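Shown next, in structure tokens, is the structure this report addresses.
The values are calculated or read from the model by the stated rules, or taken from the named source; none is laboratory data. Only a predicted model underlies this, so the values are computations on that prediction, with no experimental measurement involved. Here the Cβ is made from the backbone with ideal geometry for all residues, glycine too, and neighbour counts use every protein chain on show. Note: accessible area is taken over every heavy atom of the protein model, side chains too, but ligands, DNA and RNA are not part of it. Shrake-Rupley method; radii C 1.70, N 1.55, O 1.52, S 1.80 Å.
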Amino acid sequence: MGVKSRKGGWCGWIIALIVVAAAAGAIVALVRKKHNDSTPDAPGNPGSPEKKYADALRTAMQFFDVQKSGQLVNNKISWRGDSALKDGSQAKLDLSKGMYDAGDHMKFNFPMAYTATVLSWAILEYGDQMKVVNQLEPAQDSLKWITDYLINSHPKDNVLYIQVGDPDADHKCWDRPEVMTEARPLIQINTTVSGTEVAAETAAAMAAASLVFKSSDSTYSSDLLKHAKQLFTFADKYRGSYSENIPEVATYYNSTGYGDELLWAATWLYHATGDQTYYDYATGKNADSFGNFGNPTWFSWDNKLAGTQVLLSRVSFFNSKASNSDTLQEYRKTAEAVMCGLLPKSPTATSSRTDSGLIWISNWNALQHPVASAFLAVLYSDYMLTSRTAKITCNGDAYTASDLRKFAISQADYVLGDNPSKMSYLVGYGDNYPQYVHHRGASIPKDADVGCKDGWKYLDSKEPNPNVATGALVGGPFLNETYIDSRNNSMQAEPTTYNSAVLVGLLSGLVTTSSVATSFT
């Protein structure tokens, strides 16, 4: 009986200890959960870079050099040379710089200005991370190559040249930009032929870029800001759609409306100046007219609403004086709705995805939407971390900054080869990437003596491109996740500079971790 009693007592003590330990564990888990839900750690200074994203960023950055027009300085692309040196001469302007938009030789200012705005945004948010892998200076150089051109495109307050080249004539040739002989006419907007979206996007680009160069070149920064203010006034005063007033541009970069660009430009000018007038513009009656609150949209060269919502959320996260605005909270709520749509397990997750989880909207240029979405997601994730915001709520379900970052990583990794085809859609990255990119300069040998008409044989050639368009992000896969590597397949195989800009932003956000600046100034 005594032995039994001792055995029972020993077991009782064990049970008691287990209960106490379980209770203690539960308390620790609860405390940890409470801590994770309420005070996530901000990442601090940049950590060690992740090689995969560092290598991809170095690769992606090179496509801007591939696309440069004009007299090339410190040219790093062996098969590229000077081109379009007389662009703008008929108007006594130097429009030789800037970048070709895709695989042809056109300069379309609407997507080019968007490229500059997004590249500026990436530098402002992740310049310290770019610097860790020696990509900050190349990013700034590429940005300035565009903004130099944009400044020259704006010779008077209410005049903006928005296009160089005739797309019909341009697309009748297959030649290298260094030897092109086709006409290079100019198109402008002014007080009688308005183009609000292009003028406003250019204003946004210059305002954002003025912040990039503020500390390194104050004179240049001030000049950019002067142009940004003038162009915003012009865009707002003489409202009208450029693709309605100049119908021939609609075939290539048709605008679906200019309200988003006005809000986007005003928001960038507010960040650049701190002027309450621009904040009031973006959060006043124009927000009622153009904000489309509660309706998530896709961020692209045509629609800036999701970008504006995230950019104004930054004000809500970090500027306590402004965060009490009801309209500002509507921007942030809609930005969170965008994020909820992207998160694959959210109750409001978009069904617009491939079976492998890639955001997929369109056959044409399919990768622009997943990459742009992932860029916004990594930004919002870092805003949450830096502000120590625990979660967002999607129809009652809570998600953290880590969830958003995981989504962004999934899209980036798909692009870099984690997909059913095991193909990197970033040319020059990895061992398996497209060989037949739809790009004139890449497809024609540097020493080939061909012009406009006799270059077509290189489009139809069965041989891979003789020149690697390093850093090109091709259009991407179909919904069934197949990709046809053919030079004639412009739907899937043509790269663009504006896709490169959002990719650089995404990779810069993933290359390492750091707190974002609470103010661009």
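Qualifying trypsin sites (Lys or Arg not before Pro) in the range 264-324, where qualification requires a DSSP coil assignment and no more than 14 other C-beta atoms within 10 Å, comprise LYS321.
Annotation: peptides 379-388, 497-506, ranked by per-residue average of other Cβ atoms within 10 Å with the highest first, follow the order 497-506, 379-388. At q = 0.30 Å⁻¹, what base-10 log of I(q)/I(0) does the Debye formula yield for the range 45-104 when every alpha carbon is treated as an equal point scatterer in vacuo? Log10 I(q)/I(0), no solvent term: -1.22.
For the range 129-179, the convex hull spanned by the alpha carbon atoms encloses 148 Å³ per residue.
Helix 259-273 and the longest principal axis of the C-alpha atoms of the chain enclose an angle of approximately 80°. Against the empirical 2.2 N^0.38 Å (N residues), the range 305-460 has a Cα radius of gyration ratio of 1.36.
With N the number of residues in the range 303-393, Rg(Cα) / (2.2 N^0.38 Å) evaluates to 1.14.
Potential lengthening of the chain between ILE484 and THR233 amounts to 85.8 nm, from the contour at 0.36 nm per residue minus the alpha-carbon distance. Net charge dipole, the chain: roughly 2060 debye, given to the nearest 20, about the Cα centre with Cβ charges of +1 for Lys and Arg and -1 for Asp and Glu. When the Kirkwood hydrodynamic radius is evaluated over all pairs of different C-alpha atoms of the range 126-216, what value in angstrom, to one decimal, is obtained? Hydrodynamic radius (Kirkwood, Cα pairs) of the range 126-216 is 15.7 Å. Here r is the Cβ-Cβ distance between GLU50 and THR192 and R0 is 51 Å; the resulting FRET efficiency, rounded to 0.05, is 0.45.
Dividing the summed helix terms, -39500 (n - 2.57) for each DSSP H run of n ≥ 4, by the number of residues in the chain produces a 222 nm estimate of -16000 deg cm²/dmol to the nearest 500. Volume per residue of the convex hull around the Cα atoms, evaluated for the range 171-226, comes out as 155 Å³. Taken over the range 439-516, the ratio of Cα radius of gyration to 2.2 N^0.38 Å equals 1.40.
The range 67-154 gives an Rg/Rh value of 0.99, both radii derived from C-alpha positions and Rh following Kirkwood. Modelled spin-label separation between LYS457 and VAL179, with each label point placed 7 Å from Cα along the Cα-to-Cβ direction: 1.2 nm. Positive end of the dipole of the range 255-382 (Cβ unit charges, origin at the Cα centre): among GLY291, SER351, SER255, the Cα lying farthest that way belongs to SER351. By the gyration tensor of its Cα atoms, with a ≥ b ≥ c the square roots of the eigenvalues, what is the shape of the range 375-521: rounded for a/c under 1.5, prolate for a/b over b/c, or oblate? Prolate, since a/c reaches 1.5 and a/b exceeds b/c.
For the chain, the Cα gyration tensor yields ellipsoid semi-axes of 45, 29, 19 Å (square root of five times each eigenvalue, largest first, whole Å). Only Lys, Arg, Asp and Glu carry charge here, each on its Cβ (+1 for the first two, -1 for the last two); on that basis the range 223-353 has a dipole of about 360 debye about its Cα centre. Surface analysis of the chain yields an accessible area of 41 Å² per residue, using protein heavy atoms and a 1.4 Å probe. With each label modelled as a point 7 angstrom along the Cα→C-beta vector, the SER519-PHE318 pair spans 1.0 nm. Within the accessible area of the range 254-399, the carbon and sulfur atoms contribute 43%, probe 1.4 Å, all protein chains present. Number of Lys pairs in the range 385-491 with C-alpha atoms less than 22 angstrom apart, excluding same-chain neighbours closer than eight positions? Taking the range 385-491 as the scope, the lysine pair count is 5.
In the range 438-483 the Cα-Cα distances spread across 5 Å bins starting at 0 as 5, 19, 25, 19, 15, 11, 4, 2, 0 percent of all pairs. Note on the range 197-317: Rg/Rh from C-alpha atoms, Kirkwood Rh, equals 0.97. Specify which residue in the list PRO177, GLY195, PRO111 is farthest towards the positive end of the charge dipole of the chain, using unit charges on the beta carbon of Lys, Arg (+1) and Asp, Glu (-1), about the Cα centre. So the residue furthest toward the plus end is PRO111. Translational diffusion of the range 203-242 was estimated from the Stokes-Einstein equation, with Rh taken as the Kirkwood radius over Cα pairs; at 37 °C and 0.692 mPa s the coefficient is 317 µm²/s. Evaluating 6.51 cos²θ - 1.76 cosθ + 1.60 at θ = phi - 60° for every residue in the range 405-412, the Karplus couplings come out as 5, 4, 4, 4, 5, 4, 6, 4 Hz, glycine and proline recorded as x.
In this structure, GLU248 and LYS285 have a Cβ-Cβ separation that, at R0 = 25 Å, corresponds to a calculated FRET efficiency of about 0.15.
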